[in-house]
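Beneath this line is the structure, given in structure tokens, with notes to follow.
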Amino acid sequence: MSTPEDYERQLRGVALRVTRPRLAVLSVVHDHPHADTDSIIGLVRDELGGVSHQAVYDVLRALTTAGLLRRIEPPGSVARYEARVGDNHHHVVCRSCGAIADVDCAVGDAPCLTASDDHGFAIDEAEVVYWGLCPDCSTAISS
Ligand SMILES: [Zn+2]
Ligand SMILES: [Zn+2]
């Protein structure tokens, strides 16, 4: 469980000033992995009151650029944010309701970084999206 002190430490660790909106966004994204921007704005407002959309957008951009948050955008979905960064994990997305869950790399540490042909690129990230139906949606269809 992360505490406000942890979030302050994370911000200082990437040389960002500690502000209440930044702390609120970090804690919201930690508590609601893969939330979209609108949900994050709503949750931050519950906590802080009058924070503008633009302020939350700016915080999300700053935290993503600093590497504290990861932005994912499966094709056809709005951008989502998560606090699980740096492990090159993948996502499974429900075609029906858009639910998203984390999927660890299939074997060992980030094996998907080893491309069969890297075309001379220095590859540092591989993004895999698994598509299918979540348990709720597949139950709804079969019943
Ligand atoms: Zn679903
Ligand atoms: Zn994730």
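The values are calculated or read from the model by the stated rules, or taken from the named source; none is laboratory data. Treat the numbers as computed from the prediction; the structure is a model and nothing was measured. Note that we place each Cβ from the backbone using ideal geometry, even for glycine, and neighbour counts take in every protein chain shown. SASA here: full protein model, heavy atoms, side chains in, ligands and nucleic acids out. Shrake-Rupley method; radii C 1.70, N 1.55, O 1.52, S 1.80 Å.
Under the rule of -39500 (n - 2.57) per DSSP H run of 4 or more residues, summed and divided by the residues of the chain, what mean residue ellipticity at 222 nm is obtained, to the nearest 500 deg cm²/dmol?
-11500 deg cm²/dmol
So if a site counts as exposed when it's one of the trypsin sites (Lys or Arg not before Pro), its DSSP state isn't H, G, I, E or B, and it has at most 15 other Cβ atoms within 10 Å, what's the longest stretch of the chain without one?
Of all site-free stretches, the longest is 18-83.
If I ignore ligands, DNA and RNA and count only protein heavy atoms, how much of Asp38 is accessible to a 1.4 Å probe, in Å² to the nearest 10?
100 Å²
Sorted by accessible area with a 1.4 angstrom probe, largest first, how do Ser142, Ser27 fall?
Highest to lowest solvent-accessible surface, that is Ser142, Ser27.
Can you run phi through the Karplus equation (6.51, -1.76, 1.60; θ = phi - 60°) for region 94-100 and list ³J(HN,Hα) in whole Hz, with x for Gly and Pro?
Going residue by residue, I get 7, 5, 8, 10, x, 4, 10 Hz, with x marking Gly and Pro.
What is the set of long-range amide H partners of Leu69 at a cut-off below 5 Å, with H atoms built 1.01 Å from backbone N?
It is Thr64, by chain and number.
Using the alpha-carbon centroid of each, what span in Å lies between region 122-143 and region 43-112?
16 Å
Just reorder Thr139, Thr3, Thr37, Thr65 by solvent-accessible area, largest first, 1.4 Å probe, all chains present.
Thr65, Thr139, Thr3, Thr37
Could you tell me the accessible area of Glu5 in Å² (1.4 Å probe, neighbours in place), rounded to the nearest ten?
Ignoring ligands and nucleic acids, Glu5 comes out at about 100 Å².
Keeping all protein chains in the complex and leaving out DNA, RNA and ligands, what accessible area do you get for Val93 with a 1.4 Å probe, in Å² to the nearest 10?
Number for this one is 10 Å².
Restricting the count to DSSP beta bridges whose residues both fall in the chain, what percent are antiparallel, rounded to a multiple of 5?
Bridges in the chain that DSSP calls antiparallel: roughly 70 percent.
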